[in-house]
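*Asks:* Have a look at this one.
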Amino acid sequence: MKLYKVQDLGLPEGWNNFTVFSSEVSRLVLLSERGRTHGSIWGVPPFLEGIFRATLATTMTASYFYSYIETTSYQTTYTVMLKARQSRYSLTGEWWESNDGKNWGKVTSTTGRDGKSCGYSSVQCQSGTCEMYCPPYSSTCENTCNVQRFSCSQHSCTGPQSPTASQLASSLTANGRRIVGFNPPIILYFTANESIVVSAGRTSYTLVGDYSQCYTTEDITCRSHVRRYGDWYCVRTYTCIREYTEWSRTYQLQVIELVDWDTGEVYASLNQTSLTFNINANTIVRFKYVLKESWRRSWQVILQPPTPEPTPNECQQILNDPSARCKSNWCSCLKTYDLEAWKKEQCCQTPTFACLSVHVTTCCSGDAHDACLNSWSGQGGSRCGSSLPITVSWSASWSLKPGWAFADIGKTGYGNVRCGLSSRTGGSASGSCTLNAIEHAAQWVVVIFRRT
């Protein structure tokens, strides 16, 4: 094998001296003919040897003299291209996966596979009713709304993988050395025609995750009825739903491929856990895993809207019920049918003080509300006052039946109230709700459990 001098490669002659070379060059990058980076080295130029396919260009000049009436001359330049023989080859590994055996993607990171990785966002969701009354032969309609908006957090989580991505990548080897790396990739060098054994030490892995989302569904019903003068009456109902989904996917090794690094050609493919070959090309080893089995399950929690205002058809019964006097429905009906009487009823006027009541309840998703419990204790409370904010603490403790686990904390009710979770251990949780308006408000804190 020939070792070239720096001037043969078109480099400064002074670089033959390593001291000069190292003072002027911070790093020497090796490229294949297709421009791929094979790595970088420290050393004098002759070390290049043949790690990449070096191309030598030699220029020869010939001069000829001819005699005519006058003597003239010309010269011809020839360029000869010589291929330097390659004596060492690069080898790297890649991990690919597919959910259908047709569309493949390269795994490029351990994020969300060695540990849980989540993304969070917040959306608005609403519950309640909007009503529209249109007197006959009139283009003017009266609208009322009793809709509560929820700020609902959403998330999407992946991981951890089992075995982890780091464990699986460590088991993908060439002659016992790891060849799959992420940042940076791993590149090994072998001499021409050397026997290589590439192996997948782990033939399967399972990736799990979960996500939740909030959304609002709506429904509208319209009918004619007698309110004042036979108005047309429509009700639009909004329902806030929180959906939880868990999933799991198991992947199985399908094939090991050998890919020519410079041309992209797949020149070997074997449906086994190991493959033996003699290396004579810069090569990428692809370990390809395909989806073997998967499952997912979803459940929904409906955030109950506030109690809707009574319809005019219900008001006659409410106004004639002595036990309903001064309650919100009674006041609402009185205001609709006798505005002057409503103004005189002190109990129906806007209060100058506020009250907040907090209740704690359970939800065993997909089953009866207490079907998942061995024992349960929930404590809320109530407070009133003329100054804001008004805060009420809540707490809960429980013992679950086998196959159930804590999922989340939800809330429903009415009023300008914010509820939060301040602490949670294995079988207990606590927090508080805060009222920020002069009104009577009630909240139900819902402790949600799911099947494991």
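*Asks:* Could you please tell me the mean projected area of the C-alpha convex hull for the range 89-302, averaged over all directions and given in square nanometres to one decimal? Don't skip to the end; give the middle numbers.
*Replies:* Working: hull surface 69.7 nm².
Mean projected area for the range 89-302: 17.4 nm², to one decimal.
*Asks:* Also, quick follow-up: Have a look at the range 351-452 and give its Rg and Dmax from the Cα atoms, expressed in angstrom.
*Replies:* Taking only Cα atoms of the range 351-452, I get Rg and Dmax of 14.7, 50 Å.
*Asks:* About its Cα centre, how strong a charge dipole does the range 243-342 have in debye, to the nearest 20, once Lys and Arg get +1 and Asp and Glu get -1 at the Cβ?
*Replies:* 320 debye
*Asks:* Going by how many other beta carbons lie within 10 Å of each one, how would you line up ASP210, ASP260, fewest first? Let's see the in-between values first.
*Replies:* Values: ASP210 20, ASP260 16.
Ordered by Cβ neighbours within 10 Å, fewest first: ASP260, ASP210.
*Asks:* Highest mean first, what order results for 433-441, 399-407 on Cβ atoms within 10 Å?
*Replies:* Sorting 433-441, 399-407 by mean packing, highest first, produces 433-441, 399-407.
*Asks:* For the range 150-281, with the dipole built from +1 on Lys and Arg beta-carbon atoms and -1 on Asp and Glu ones, taken about the Cα centre, which of ASN280, SER153, SER199 lies farthest toward the positive end?
*Replies:* SER153
*Asks:* Also: Excluding SER199 itself, what net charge comes from residues whose Cβ is under 13 Å from its Cβ, given Lys and Arg +1 and Asp and Glu -1?
*Replies:* Value of the local net charge: +3.
*Asks:* Let me spell out the model: positive unit charges on the Cβ of Lys and Arg, negative unit charges on the Cβ of Asp and Glu, origin at the Cα centre of the range 89-302. What dipole size does that give, in debye rounded to 20?
*Replies:* 480 debye
*Asks:* May I pose another question? Over the range 89-302, calculate the relative contact order: mean separation of alpha carbon pairs under 8 Å at least 6 apart, over the residue count, as a percent.
*Replies:* After rounding, I find 27 percent.
*Asks:* If you take the charge dipole of the range 89-302 about its Cα centre, with +1 on Lys and Arg Cβ and -1 on Asp and Glu Cβ, which of TRP295, CYS214, SER90 is farthest toward its positive end?
*Replies:* So the residue we want is CYS214.
*Asks:* Note down the magnitude of the dipole of the range 297-452 about its Cα centre, charges +1 on Lys and Arg C-beta and -1 on Asp and Glu C-beta and zero elsewhere, to the nearest 20 debye.
*Replies:* Working: 13 positive and 10 negative charges, 107 e Å.
Using only the charged Cβ atoms, the result is roughly 520 debye.
*Asks:* Past 29 Å, Cα to Cα, is the threshold; run LYS343/LYS411; LYS344/LYS411; LYS106/LYS292 against it and keep the listed order. Spell out each step's value before the answer.
*Replies:* On the way: LYS343/LYS411 34 Å; LYS344/LYS411 36 Å; LYS106/LYS292 17 Å.
In this structure, LYS343/LYS411; LYS344/LYS411 exceed 29 Å between Cα atoms.
Coordinate-derived values only; no laboratory data. None of the values given here were measured: they were computed from a predicted structure. When we count neighbours, we look across all protein chains shown, and the Cβ atoms used for this are built from the backbone with ideal geometry, even at glycine.
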